[in-house]
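*Asks:* The following block contains the structure, expressed as structure tokens.
Since every read-out is calculated from the coordinates, none of them should be taken as a lab result. Everything quoted here is computed from the prediction, not taken from an experiment. Cβ sites come from the backbone with ideal geometry, for glycine too, and all protein chains shown count toward neighbours.
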């Protein structure tokens with residue numbers, strides 16, 4: 001066979017492989033786009049605790065449950081290493097927030113983690 | 001002459017499918033890019049509204065600490081705010097919590113929409129704000 005034809009066939013095969021395997025479309029990743037909304041929501045619980053004079057970590061459970069139920073379908077809620085709600089099969093993201101509560105005499109640190 | 005015809009046939013046999021695949025590839029890439037662009041456009045419009053409602057001095061004392069303004073505005077005022085922000089797509093806010101529910105903007109249920117949720121504090125209670133824009 002003519003070497004030029006073989007060369008053309010090879011070039012054609014290479015072009016086909018290039019066209020079929022190349023990905024020329026731009027990709028936009030938005031997996032973490034709502035992180036700031038979650039942290040803004042977690043911040044609102046700080047105002048809630050201040051207004052309602054919540055001074056213990058247990059007192060944070062109702063507002064945190066309301067927040068988690070409102071924002072997530074499945075989640076795990078952990079306060080000070082104690083798991084309160086666990087209905088999440090997969091935990092891909094972790095949101096951590098530390099609340100410092102003050103009862104007039106002592107500070108209480110509540111380490112809140114939400115996994116989803 | 002026969003060899004040349006043979007060469008031309010092989011060339012066309014490869015080049016026409018290759019050209020077809022290239023065109024379909026570019027077309028699908030363009031469609032994907034357009035979808036992503038439209039999505040980002042709407043998403044950023046919605047983010048603009050979220051920031052304006054939950055983080056600006058007009059409606060909040062601090063981030064997600066609402067002042068009474070949001071609870072006093074009516075639908076017309078809200079739509080004026082939306083148009084002043086430069087958002088020309090149908091949007092809505094559903095404020096829900098503490099036995100209070102109010103919908104501002106266009107009702108978007110049943111259609112495809114992008115939704116951002118925030119829980120914000122107002123007057124001793126937590127309210128769920130659902131921001132939606134048509135997709």
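*Asks:* Which members of the range B:42-58 meet the condition of being free of Cβ contacts under 8 Å to residues at least 60 places away in the same chain and either more than 11 Å from chain A (Cβ to nearest Cβ) or closer than 19 Å to residue A:47 by Cα (or both)?
*Replies:* B:48, B:51, B:52, B:55, B:56, B:57, B:58
*Asks:* Here is a follow-up. Select from the range B:114-135 the residues that are without any contact (Cβ under 8 Å) to a residue 24 or more places away in the chain and more than 7 Å from chain A (Cβ to nearest Cβ) and list them in ascending order.
*Replies:* The one that is without any contact (Cβ under 8 Å) to a residue 24 or more places away in the chain and more than 7 Å from chain A (Cβ to nearest Cβ): B:115.
*Asks:* Which of the numbered conditions does residue B:61 fail, given that it passes all the others? Conditions: (1) away from every other protein chain (no Cβ under 14 Å); (2) surrounded by fewer than 17 Cβ atoms within 10 Å (Cβ to Cβ).
*Replies:* With respect to (1) away from every other protein chain (no Cβ under 14 Å); (2) surrounded by fewer than 17 Cβ atoms within 10 Å (Cβ to Cβ), residue B:61 is out only on (1).
*Asks:* Please find, within the range A:83-111, the residue that is nearest to residue A:51 (Cα to Cα) out of those that are more than 18 Å from the chain's Cα centre (by Cα) and surrounded by fewer than 10 Cβ atoms within 10 Å (Cβ to Cβ).
*Replies:* Here the answer is A:104.
*Asks:* Within the range B:28-41, can one find any residue that is within 28 Å of residue B:85 (Cα to Cα) and in contact with a strand residue (DSSP E or B) (Cβ under 9 Å, 6 or more places away or on another chain)?
*Replies:* Yes.
*Asks:* Could you tell me whether any residue of the range B:104-114 is more than 18 Å from the chain's Cα centre (by Cα) and not in a loop (DSSP other than H, G, I, E, B)?
*Replies:* no
*Asks:* Working only within the range B:71-91, note down all residues that are touching a residue at least 40 places away in the same chain (Cβ under 8 Å) and assigned to a helix (DSSP H, G or I).
*Replies:* Within the range B:71-91, just B:71 meets the criteria.
*Asks:* Being surrounded by fewer than 14 Cβ atoms within 10 Å (Cβ to Cβ) and facing another protein chain (nearest Cβ under 7 Å) is the filter here, so list the residues in the range B:27-39 that pass it.
*Replies:* Passing the criteria: none in range.
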